Each structure stands twice: as structure tokens, then as C-alpha cells.
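The values are calculated or read from the model by the stated rules, or taken from the named source; none is laboratory data. Predicted model only: the values in this text are computed from it and were never measured. Glycine gets a Cβ as well: all are built from the backbone with ideal geometry, and neighbour counts include every protein chain shown. Side chains are part of the model used for accessible areas, which takes the heavy atoms of the whole protein and leaves out ligands, DNA and RNA. Shrake-Rupley method; radii C 1.70, N 1.55, O 1.52, S 1.80 Å.
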Amino acid sequence: MIHPILIIVLILLTVLISALVNAWVRNRVFGRAYRALTARDYPVFFREVDGKGMRSVFSESVRDSLKLTAYMEQRDTQKVTETFNRMMKYKISDAQKGDLLIRGFQYYAAGKDAGKVRTILEKMEEVLNEELAAKYRRHYEILYGKSAAYITELEKEVPLHQNRMKGYLQYLLARSYRNEGREKECLTLLREAAAEYRVPAGKLDEAVQVL
């Protein structure tokens with residue numbers, strides 16, 4: 001007769017071995033997909049992310065999150081929208097939903113889709129804290145609502161920052177000046193913002209994201 005303690009030890013060893021094997025498989029299959037994604041080798045990435053290995057150890061939500069990144073990098077807006085809408089229906093925490101909404105806001109803002117950005121902003125205001133939501137609201141109101149209401153606020157903020165954050169605030173201030181009809185000041189500040197981003201002035205709109 002096997003001693004009860006030995007049975008317990010055998011069970012624990014089995015559980016431990018199973019956990020280690022599962023972790024090894026997860027790391028292996030995730031690593032292959034992630035390496036392909038970072039290398040922008042999309043045919044390999046999609047083959048891996050939809051392969052048996054990934055499907056056996058990762059949920060659809062995890063795989064969709066990776067796919068969303070790939071679709072955004074490819075600027076495949078139809079696939080981005082399909083995946084984003086599907087992910088919004090998952091039962092996830094407010095923090096996870098907030099992260100997803102931020103990704104969506106940044107993508108559609110870069111594509112200048114004002115309607116989609118507005119819809120996402122409304123959902124963001126339901127789950128993000130007020131301070132964070134306010135940053136996205138300000139961005140939306142300046143770029144899409146043509147607001148000049150933040151000029152004084154931004155003029156105070158710009159000198160407090162450096163590098164890309166300074167460039168971002170300069171960009172918002174420049175666009176605010178444009179909204180108020182101060183085009184000369186706008187163009188001067190856009191050049192300064194582009195210098196902070198280290199991109200040509202003509203590429204600044206593409207480079208800017210909410211910071």
C-alpha cells in the first residue's frame with residue numbers, strides 16, 4: 001500500500017511538472033508570435049497567433065490584443081475596427097477597457113476620424129479617472145472641436161517640459177492658435193514642435209499622440 005504522504009508528494013510533483021510544461025509552452029509559442037510581430041513579419045505572425053499552440057494556451061482576448069497591434073501597424077482600418085469592436089464586448093476590467101480605449105483613440109485620432117474619436121472619448125469618460133480623461137478631452141476639443149479655450153493653460157504648461165512632451169504641448173498650442181486665427185504664431189510653434197519630435201514639420205501630425 002502506498003503511503004498517503006507519498007501520494008500527496010506525487011500529486012504535487014505532477015501539478016508542478018504540469019505547470020512548468022504549460023509555462024514553457026506559453027513562453028515558446030508567445031515568443032514566436034511576438035518576435036514575428038516586432039519584426040513586422042506579418043504572414044508568420046498571423047500563422048503563429050492563429051496556430052494550435054497559441055489557441056491552446058491563450059485566450060481569444062490575448063490573441064486579439066496582439067492582432068490589434070498588427071492591424072494598427074499595417075493601418076488596416078477595417079480589421080482594426082472589427083477587432084476593436086469585438087474586444088469591447090469582452091468581460092474585462094475598467095483598467096483593461098481604459099487601455100483598449102486609449103489605443104483606439106490614438107489610432108483613430110491619427111487617422112483623423114473625428115466621429116470615431118468622439119465615440120471613444122465618450123466611453124473613456126466612463127472608465128478613466130478625471131485627470132486622464134481630461135487630457136484626451138483637451139486633445140479632441142482642440143483638434144476636432146476647433147477650441148481655443150486652452151491657450152492660457154498651454155502657454156503655462158509648455159515651459160515646464162522638455163523633449164517630446166514639450167513638443168506635444170507646443171503642437172496643441174499651435175493648433176489652438178490656428179483655431180483663433182493666429183496662423184503666423186501657429187506655424188512658428190509647429191516648427192518648434194517638429195524639432196522636439198525630430199521629424200519634418202510635414203510629418204508632425206502623424207507623429208503626435210496624446211502624452
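Round to the nearest 0.05 the FRET efficiency obtained for residue 135 and residue 184 when R0 = 35 Å and r is the Cβ-Cβ distance.
So, using R0 = 35 Å, E works out to roughly 0.80.
So, taking all protein chains as they sit and a 1.4 Å probe, how much accessible area belongs to residue 123, in Å² rounded to tens?
90 Å²
Summing Lys, Arg as +1 and Asp, Glu as -1, what charge do residues with Cβ under 9 Å from the Cβ of residue 211 carry, residue 211 excluded?
+2
At 1.4 Å probe size, what's the solvent-accessible area of residue 180? Round to the nearest 10 Å².
100 Å²
Could you state the orientation-averaged shadow area of the convex hull built on the Cα atoms of the range 108-211, in nm² to one decimal?
Mean projected area of the Cα convex hull: 6.2 nm².
For the chain, what does the accessible surface come to per residue with a 1.4 Å probe? Please give it in Å².
Computed with neighbouring chains in place, this is 60 Å² per residue.
For every helix of n ≥ 4 consecutive DSSP H residues, a contribution of -39,500 (n - 2.57) applies; sum these over the chain, divide by its total residues, and give [θ] at 222 nm rounded to the nearest 500 deg cm²/dmol.
The helix-only estimate for the chain comes to -25000 deg cm²/dmol at 222 nm.
Relative to the longest principal Cα axis of the chain, at what angle does helix 114-127 sit, 0 to 90 degrees, rounded to 10?
Result, in degrees: 60.
What length, rounded to one decimal in nm, is gained on full extension from residue 92 through to residue 73, with 0.36 nm per residue of separation minus their alpha-carbon distance?
That works out to 4.5 nm of additional length.
Taking every pair of alpha-carbon atoms in the range 104-165, what share in percent sits in each 10 Å bin, from 0 to the bin with the longest distance?
Distribution as computed: 20, 47, 31, 2 percent.
Expressed as an acute angle from 0 to 90° and rounded to the nearest 10, what is the orientation of the C-alpha long axis of helix 130-143 relative to the principal long axis of the chain?
Tilt of helix 130-143: around 50 degrees.
Need one number: nm distance between label points at residue 209 and residue 146, each 7 Å from Cα along Cα→Cβ, rounded to one decimal.
Each label point lies 7 Å from its Cα, and together they span 2.9 nm.
Within the chain, what whole-number % of the accessible surface is contributed by carbon and sulfur, with the 1.4 Å probe and all protein chains included in the calculation?
That share works out to 55 percent.
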